[in-house]
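Written out below as structure tokens is the structure these notes cover.
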């Protein structure tokens, strides 16, 4: 049975009071732009005029993909397991950003095609050594997908119990931009060609080959096109764990910092399972992967940053965190016109 997540839309009764507080800070109305929108959203989610951020976490879920055997990625499959060691030694992109911005970093083996010895810092929640090749068959069974959803939720539950109220998700899995493109195409109807990009660095010929493989996989698909069937058929274990994590985070009224193309597709999938999850999402950035801007526009999302990022791992989400923190400081630390005895000048 698919896990149930009881996610509710935050009570809108507080919104006029939040807006009134923001509008009476010592500035012209709207002059702090996106900071004002973020402050209102965060206060709404937390149901308070004085929101706070506590113990930010970033979870990196890692797994291998059977479709990688078709040459859809520039990087060889063994890079997934090699990057696990890099995360754990502190040398990856996400590591320096987590240190810089005070994030607790968790690394989860969701389904890497490798037998790791017990390693300090690696959370072993492996479902299987990589998904099956969805050019020929479903990437995972329904039971595996249900287990991945639950395990992703369980990791987030632990973060929540540790005092975290804002969380981001990253991924590591060679060929997972292919799986994300398939989710994007099947869930939105956007033409597959517009959903397929360079991933870790394919040239034009490589992108063309990737598209042709994915189009053949789409032609071979004989499922019922239900949300859960698409999740199982084209997903990755790390992606499905992220979906479960997002749903549990929203259930716990945590803020969700959404990273790049892959995690935005995970948010899309989560929203098809429980639409209310979208209220808890803050989109960290718009990356360079083809399709990301299209997907953000489809969701009506307003990303904070545009830095040309396409690394994944949660890097774009963590980069955006100081802006989110600035929004919270704005609503809590700026004087009101009355408090500062300043005449409103607009």
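One residue stands out in region 120-129 among those that are in contact with a helix residue (DSSP H, G or I) (Cβ under 6 Å, 6 or more places away or on another chain) and within 15 Å of residue 240 (Cα to Cα): the one that is surrounded by the most Cβ atoms within 10 Å (Cβ to Cβ), namely 127.
Looking at 272, 248, 253 in this structure, which one is in contact (Cβ under 8 Å) with a residue 60 or more places away in the chain and under 14 Å from the mean Cα position of the chain (by Cα)? Just one listed residue meets the conditions, 248.
The residues listed here are 77, 62; of these, the one that is under 23 Å from residue 241 (Cβ atoms), assigned to a loop (DSSP other than H, G, I, E, B), in the same structural domain as residue 321 (by TED's automatic domain parsing) and touching a helix residue (DSSP H, G or I) at 6+ places or on another chain (Cβ under 6 Å) is 77. So, in region 8-46, of the ones that are free of Cβ contacts under 8 Å to residues at least 40 places away in the same chain and outside any helix (DSSP H, G or I), which residue ends up farthest from residue 325 (Cα to Cα)? Residue satisfying both the conditions and the ranking: 11. Scanning region 282-297 for residues that are surrounded by fewer than 21 Cβ atoms within 10 Å (Cβ to Cβ) and not in a helix (DSSP H, G or I) gives 288, 290.
A single member of 317, 301, 290, 281 is modelled with pLDDT under 95 and in the same structural domain as residue 173 (by TED's automatic domain parsing), and it is 290.
Condition check ((1) surrounded by fewer than 19 Cβ atoms within 10 Å (Cβ to Cβ); (2) under 26 Å from residue 62 (Cβ atoms); (3) in contact with a helix residue (DSSP H, G or I) (Cβ under 7 Å, 6 or more places away or on another chain)) across all residues:
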{"site": "258", "(1), (2), (3)": "no, yes, yes"}
{"site": "268", "(1), (2), (3)": "no, yes, yes"}
{"site": "274", "(1), (2), (3)": "yes, yes, yes"}
{"site": "299", "(1), (2), (3)": "yes, yes, yes"}
{"site": "309", "(1), (2), (3)": "no, yes, yes"}
{"site": "312", "(1), (2), (3)": "no, yes, yes"}
{"site": "329", "(1), (2), (3)": "yes, no, no"}
{"site": "332", "(1), (2), (3)": "yes, no, no"}
{"site": "335", "(1), (2), (3)": "yes, no, no"}
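Quick check: anything in region 279-293 touching a residue at least 40 places away in the same chain (Cβ under 8 Å), under 30 Å from residue 206 (Cα atoms) and more than 16 Å from the chain's Cα centre (by Cα)? The answer is yes, given that some residue of region 279-293 is touching a residue at least 40 places away in the same chain (Cβ under 8 Å), under 30 Å from residue 206 (Cα atoms) and more than 16 Å from the chain's Cα centre (by Cα).
Could you please find all residues in region 89-119 being touching a residue at least 24 places away in the same chain (Cβ under 8 Å) and either in a loop (DSSP other than H, G, I, E, B) or out of contact with any helix residue (DSSP H, G or I) (no Cβ under 9 Å at 6 or more places or on another chain) (or both)? Hits for region 89-119 are 92, 102, 103, 112, 113, 114, 116, 119.
The values are calculated or read from the model by the stated rules, or taken from the named source; none is laboratory data. Everything numeric here is computed off the predicted structure, so don't read it as measured data. Here Cβ is always computed from backbone atoms with ideal geometry, including for glycine, and neighbour counts include all displayed protein chains.
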